[in-house]
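FYI, it's all coordinate maths here, none of it is from the lab. As the structure is a prediction and not an experimental result, all values here were calculated from the model. When we count neighbours, we look across all protein chains shown, and the Cβ atoms used for this are built from the backbone with ideal geometry, even at glycine.
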Amino acid sequence: MPSRFDRGGRYGVRWGRQRSTLFRMAAPESGDLEGGSRSTDRRLAHETIPLVVRMLRRAPRQFAIAGIGTFLFAIMTVAGSIVIGRVTDDVLIPAVDRGEVTTGALALSGIAVIGVAILRGAGITMRRLGAYAANYHLQARDRIDLTDQYLRLPIEWHRSHGTGQLLSNLNSDVEAADYIAMPLPMAVGVLIMMIVTMIVLLATDLYLALIALLVAPGLAAANISFQRRMRDVAAASQRSRAEISEIAHESFDAALVVKTLGRERDEVARFGHRSDALRDHMIAIGRLRASFHPTMEALPTLGILAVLAVGAWRVDQGVMTAGTLVTFAYLFRLISIPLGVFAWLLGELPRALAGTERISRVLSEPGRFEYGDQDLDGAGATAVAATSMAYLYPETFDVDLADRPTIREADAAGRRGIDAVTFQVAPGTTTAVVGATGSGKSTVVQLLVRLFDPDAGWITVDGEAIADIRRDDLSRAVVLVFQEAFLFNATVADNITLGKEFTAADIEVAARLAQAHEFVSELPEGYATLVGERGTTLSGGQRQRIALARALIRRPRLLVLDDATSAVDTSVEAAILEGIASLATSVVIVTHRRASIALADEVIFVQEGRVAGRGTHGRLYATVPAYRDLIDAYEEAV
């Protein structure tokens, strides 16, 4: 049978790091900030449009609502300036000249101004509702996509990425990447108003148009300077956020170690050091914004003063009317106020690009599983076979390599892994995997349930290549119970069922098989008792038995126990194994206890990543000195 897992094959996990074709935006190191400023400018220009297009495609309905509101706001703003100019020329100035004003003229003027204001207010409402809805929709989609990707990526990928980094991707990076969805529609509205204003100015008075045009280069220069300095600081701040999240998670997770070894001050100092770095980055960002935002607001204001000065001169010459000047001044003033939105948008853009790049790195990771469409239609205990199975631990080599080294290359370099592991598990039998710490026995059993794929060789379940089996069928047929039992902050019953529909009788039967029913019944609320985060209210042996009941209630066809009874007494373990033997299931158990090993139909002795012996416990004990020495050492340690 050909290997399904040869490197580069259909099911092989490729570890070459591929970057997204849309977002190639890795931030330069701090020592390369000035030298990389020109390339940063080019990246910014090339990356902003794809970022906006990505947002529009992912939230089209929300941005459509915001777009309609933006267009209505822009048109009504221009219309409002025109109405005020006409009222000035046709109502206010004639009234001043005559010393009186008619009620009808005032009423019509009021209706026109109020009508335009109402429509402009409606545009603002639609724009804001659409923008906020787009922002939250994008955040939800990105978090769902990241979570799905986390679930798809193999365990070995997660082992090389800290939990704090993953949490940072889901929180601060997503918020940073999608935050510009809020100012984006308003900035577009301002752009529309600026275009309309320039057209009107050019068509009416060239002098006023030139003043407006002179403001644009100043805004562009301020923007270029700001973006060049802001991009690297924003990227550094995002990295600092991730590091702080990772340190905090690690400290909380290791609270018992920290307290028992008196490491509180050291952990506070470690966290404080990274917090100080983030503080410095945020202060730098604040200083940049403090100089950029006033500039963005001052330039349009200076433009308004210039428009009024030149416009008054033009009115005095009789070239334009006072109403036309009021129209332009009012319109320019309305534009100058929301021009601050550009400062908001441009100020958040570097952070958004940095957050998007970090998200993109995760979403573009190629190391994910592909499942087949083969059904496991059989019932009862299953047959499992591993043939020439080899695997090299990813943490022992550079994961940025385009290809993983071969096992022989790894051996020559002193790297660890397993090689040429071959064995069979007959239906309904119990197979014990025995070996010293670090020999690779846990790796062997984790490959059997496809937590990750071997680099070479293949595994079959009921004669079907494990990679060809449907995901749901495989998870129903094959269940692994770890030594470290993880319990959720939920009731005992919920930790056993994990959301599946099981009756109370099913729960109790599984608990009895796992020798958990007796102590669960003595809990304050029985199976409805909350066990606390990670099951902290229970002992290690109790947690293991609940985790075992979680597996047994699903009636797996292959049950894999990775030292899953190490924290229980030998008598309890014997009762558990006796109960499992009554089920129609095959069992693979990693254990070091002689009594448990003796119950196995076959023992696989793993030494330095290879199978050093196979057979019954008695035969291996009599014929393999290394096995005998290991068993005796375990017995003496008890």
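So what are the ³J(HN,Hα) numbers for region 282-291, from phi and the Karplus equation (6.51, -1.76, 1.60; θ = phi - 60°), rounded to whole Hz, Gly and Pro as x?
Each residue's phi maps through the Karplus curve to give 5, 5, 4, 4, x, 5, 4, 5, 5, 8 Hz.
Rank-order 132-140, 603-611 by packing density, defined as the average count of other C-beta atoms within 10 Å over each peptide's residues, highest first.
Details: 132-140: 18.4, 603-611: 21.7.
For the peptides 132-140, 603-611, the packing ranking is 603-611, 132-140.
Would you please put 429-437, 469-477, 182-190 in order of how densely packed they are, using the mean number of other Cβ atoms within 10 angstrom per residue and starting with the highest?
Details: 429-437: 21.0, 469-477: 16.8, 182-190: 23.7.
Answer by packing, highest mean first, reads 182-190, 429-437, 469-477.
Give me, ordered by chain and number, the residues 5 or more places off ALA383 or on other chains with an amide H under 5 Å from its own placed amide H.
ASP462
In whole Hz, with x marking every Gly and Pro, tabulate ³J(HN,Hα) for region 239-245 from phi via Karplus 6.51 cos²θ - 1.76 cosθ + 1.60, θ = phi - 60°.
5, 5, 4, 5, 5, 5, 4
If you take the charge dipole of region 47-363 about its Cα centre, with +1 on Lys and Arg Cβ and -1 on Asp and Glu Cβ, which of LEU278, SER360, LEU92 is farthest toward its positive end?
With unit charges placed on the Cβ atoms, the residue in question is SER360.
Could I have the simple spin-label model distance between TYR634 and ALA379, label points 7 Å from Cα toward Cβ, reported in nm to one decimal?
So the label points at TYR634 and ALA379 sit 3.6 nm apart.
Hey, can you grab everything whose amide H is under 5 Å from the amide H of GLN374? Only 5+ residues off in sequence or another chain; H modelled, so Pro and N-termini drop out.
ILE469, ARG470
Just to be sure I understand the model, the point goes 7 Å from the Cα along the line to the Cβ. What's the resulting ARG61 to ALA584 distance in nm?
4.8 nm
Which of the peptides 514-523, 268-277, 529-538 is most tightly packed, and how do the rest follow, judged by the mean count of other Cβ atoms within 10 Å per residue?
Working: 514-523: 19.1, 268-277: 13.9, 529-538: 16.8.
For the peptides 514-523, 268-277, 529-538, the packing ranking is 514-523, 529-538, 268-277.
Quick query: amide H of VAL611 versus all other amide H atoms, modeled in the peptide plane; which residues come in under 5 Å with a sequence gap of 5 or more or a different chain?
For VAL611, whose amide H was placed from the backbone, the distant partners under 5 Å are THR422.
Full extension from THR295 to PHE252: what is 0.36 nm times the residue separation minus their Cα-Cα distance, to one decimal in nm? Write down the numbers at each step before the final one.
Values: separation 43, 0.36 × 43 = 15.48 nm, distance 4.41 nm.
Net length gain for the segment: 11.1 nm.
Work out from phi, with θ = phi - 60° and the Karplus expression 6.51 cos²θ - 1.76 cosθ + 1.60, the ³J(HN,Hα) of each residue of region 307-312, listed in order in whole Hz, and give x for Gly and Pro.
4, 5, 5, 5, x, 5
Which FRET efficiency, nearest 0.05, do ARG159 and ALA622 yield, Cβ-Cβ r, R0 35 Å? Don't jump to the answer; show the numbers that get you there.
Details: r = 39 Å, r/R0 = 1.10.
For ARG159 and ALA622, the calculated efficiency is 0.35.
Given Cβ point charges of +1 (Lys, Arg) and -1 (Asp, Glu) and nothing else, what value in debye, to the nearest 20, does the dipole of region 47-363 about its Cα centre take?
Values: 31 positive and 27 negative charges, 88 e Å.
My answer is approximately 420 debye.
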